[in-house]
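Inspection log for the structure reproduced underneath, given as structure tokens.
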Amino acid sequence: MNLFDTHCHISLDQFAEDRDQVIERMLEAGVRHATLAVDATEDVPFAEEMCQAHDFLYFVVGVHPHNAIKYTPEAEAILLKAAKHPKCRAVGEIGLDYHYDLSPRDTQRAVFERQLDLAMDLGMPVQLHIREAHGECMDLLRRRAAAGTMPPGSIMHCFTGSWECAKVYLNLGMYVSLSGAVTFKNAPKLAEVAANVPLDRLLVETDCPYMAPVPLRGRRNEPAFVVHTLNKIAEIRGMEPEALAEITTRNAMRAFRIESEEDR
């Protein structure tokens with residue numbers, strides 16, 4: 001198996017006691033690459049060190065909508081510096097989260113737009129976190145696409161919306177990344193998404209330590225568990241898991257602009 005976990009949080013404290021073992025289990029499961037999501041308001045240097053120490057780890061950096069209220073000139077300076085690190089592959093996760101509203105919505109919108117502008121200036125894709133705000137996000141991204149200010153090749157991380165929403169993001173040139181939520185019994189709309197996303201736009205992720213897939217729900221999630229998500233999507237699509245793993249890994253390498261061994 002050749003898998004790429006396109007979004008994980010293994011630099012967080014939840015992995016402090018067994019991080020090395022988590023990485024070992026990841027590699028044993030066939031997860032040969034992973035992208036860490038790190039918030040510019042938190043411990044960026046540690047994630048950079050992890051990625052520097054392991055050639056198969058990369059990271060994205062941004063300010064999560066939960067932390068939009070913490071977006072300061074200092075946080076932006078940290079983001080811009082980290083974005084120039086050779087292992088940084090996108091600005092993210094950024095977006096809108098109207099479920100918890102941990103930052104005021106007008107602040108979330110302003111910070112989201114600012115980071116989209118930064119990504120354009122940097123020439124980098126973005127990795128988006130959108131929860132209960134798809135209508136507003138789609139309108140915003142359509143406007144930017146019409147104005148030529150939509151970062152190309154961007155990723156909808158941990159997508160949990162409908163197939164109708166997914167089609168809008170696909171029409172904007174985005175990738176759709178599915179997490180363990182696609183394995184949940186109460187997620188029929190994600191099965192429709194998994195069945196219909198064009199193969200060249202499909203990614204898989206864990207978003208660990210959150211959202212462990214069936215049959216591991218309730219446990220701390222980790223990159224090795226992305227195999228279960230991949231297997232479920234392969235079942236829905238009537239494909240061999242190994243073939244789907246190769247496709248989603250190639251997609252991730254392209255999305256994050258990482259050279260494969262064949263390209264070197």
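The values are calculated or read from the model by the stated rules, or taken from the named source; none is laboratory data. Every value quoted in this text rests on a predicted model; they were computed, and no experiment measured them. Note that each Cβ is placed from the backbone with ideal geometry, even for glycine, and that neighbours are counted across all protein chains shown.
If only one of GLU240, GLU246, GLU235, GLU222 is of a type in the set (Asp, Glu), in contact (Cβ under 8 Å) with a residue 60 or more places away in the chain and more than 21 Å from GLY153 (Cβ to Cβ), which one is it? Of the residues listed, the single one that is of a type in the set (Asp, Glu), in contact (Cβ under 8 Å) with a residue 60 or more places away in the chain and more than 21 Å from GLY153 (Cβ to Cβ) is GLU222.
Here ASN186 passes the criteria (1) modelled with pLDDT of 95 or more; (2) in a loop (DSSP other than H, G, I, E, B); (3) surrounded by fewer than 17 Cβ atoms within 10 Å (Cβ to Cβ); (4) of a type outside the set (Phe, Trp, Tyr) except the one numbered (1).
Return the residue satisfying two criteria in turn: it lies in segment 107-135 and is among the charged types (D, E, K, R) and in a helix (DSSP H, G or I), and of such residues it is farthest from VAL63 (Cα to Cα).
ASP121
Residues in segment 55-71 that are farther than 15 Å from LYS87 by Cβ and aromatic (Phe, Trp, Tyr): TYR71 only. When each of VAL226, VAL168 is tested for being under 18 Å from ALA133 (Cβ atoms), of a type in the set (Val, Ile, Thr), under 19 Å from the mean Cα position of the chain (by Cα) and part of a helix (DSSP H, G or I), the lone residue that passes is VAL168.
Among the residues of segment 53-76, write down those that are farther than 18 Å from GLU113 by Cβ and part of a helix (DSSP H, G or I). Across segment 53-76, the qualifying residues are ALA53, GLU74.
The residues listed here are SER177, SER162; of these, the one that is modelled with pLDDT of 95 or more and under 23 Å from ASP39 (Cα atoms) is SER177. If you scan segment 229-242, which residues turn out to be surrounded by fewer than 22 Cβ atoms within 10 Å (Cβ to Cβ) and either out of contact with any Asp or Glu (no Cβ under 7 Å at 6 or more places or on another chain) or assigned to a loop (DSSP other than H, G, I, E, B) (or both)? Hits for segment 229-242 are ASN231, GLU235, ILE236, ARG237, GLY238, MET239, GLU240, PRO241, GLU242. All told, ALA195 falls short of being farther than 18 Å from VAL63 by Cβ, free of Cβ contacts under 8 Å to residues at least 12 places away in the same chain and surrounded by fewer than 24 Cβ atoms within 10 Å (Cβ to Cβ).
Inclusion of LYS70 among residues that are among the basic types (Lys, Arg) and farther than 23 Å from PRO151 by Cα is warranted.
Among the conditions (1) surrounded by fewer than 21 Cβ atoms within 10 Å (Cβ to Cβ); (2) in a loop (DSSP other than H, G, I, E, B); (3) in contact with a Phe, Trp or Tyr (Cβ under 9 Å, 6 or more places away or on another chain), LEU27 misses just one, which is (2). Reported count of residues in segment 150-183, each being surrounded by fewer than 18 Cβ atoms within 10 Å (Cβ to Cβ) and closer than 19 Å to VAL60 by Cβ, is 4.
Reported count of residues in segment 12-57, each being of a type in the set (Ser, Thr, Tyr) and without any contact (Cβ under 8 Å) to a residue 40 or more places away in the chain, is 1. If a residue has to be under 15 Å from MET174 (Cα atoms) and surrounded by 14 or more Cβ atoms within 10 Å (Cβ to Cβ) to count, how many in segment 130-149 make the cut? Matching residues across segment 130-149 total 10. Filtering segment 79-90 to residues that are surrounded by 20 or more Cβ atoms within 10 Å (Cβ to Cβ) and in a helix (DSSP H, G or I) leaves LEU79, ALA82, ALA83. Just a yes or no: is a residue in segment 197-212 on the phi > 0 side of the Ramachandran plot and either assigned to a loop (DSSP other than H, G, I, E, B) or in contact with a strand residue (DSSP E or B) (Cβ under 9 Å, 6 or more places away or on another chain) (or both)? Checked against the condition, which is being on the phi > 0 side of the Ramachandran plot and either assigned to a loop (DSSP other than H, G, I, E, B) or in contact with a strand residue (DSSP E or B) (Cβ under 9 Å, 6 or more places away or on another chain) (or both), segment 197-212 yields at least one hit. Checking each residue of segment 41-52 against the condition of being outside any strand (DSSP E or B), of a type in the set (Gly, Ala, Ser) and within 24 Å of SER154 (Cα to Cα) gives at least one match. Yes or no: PRO215 surrounded by 14 or more Cβ atoms within 10 Å (Cβ to Cβ) and not in a helix (DSSP H, G or I)? No.
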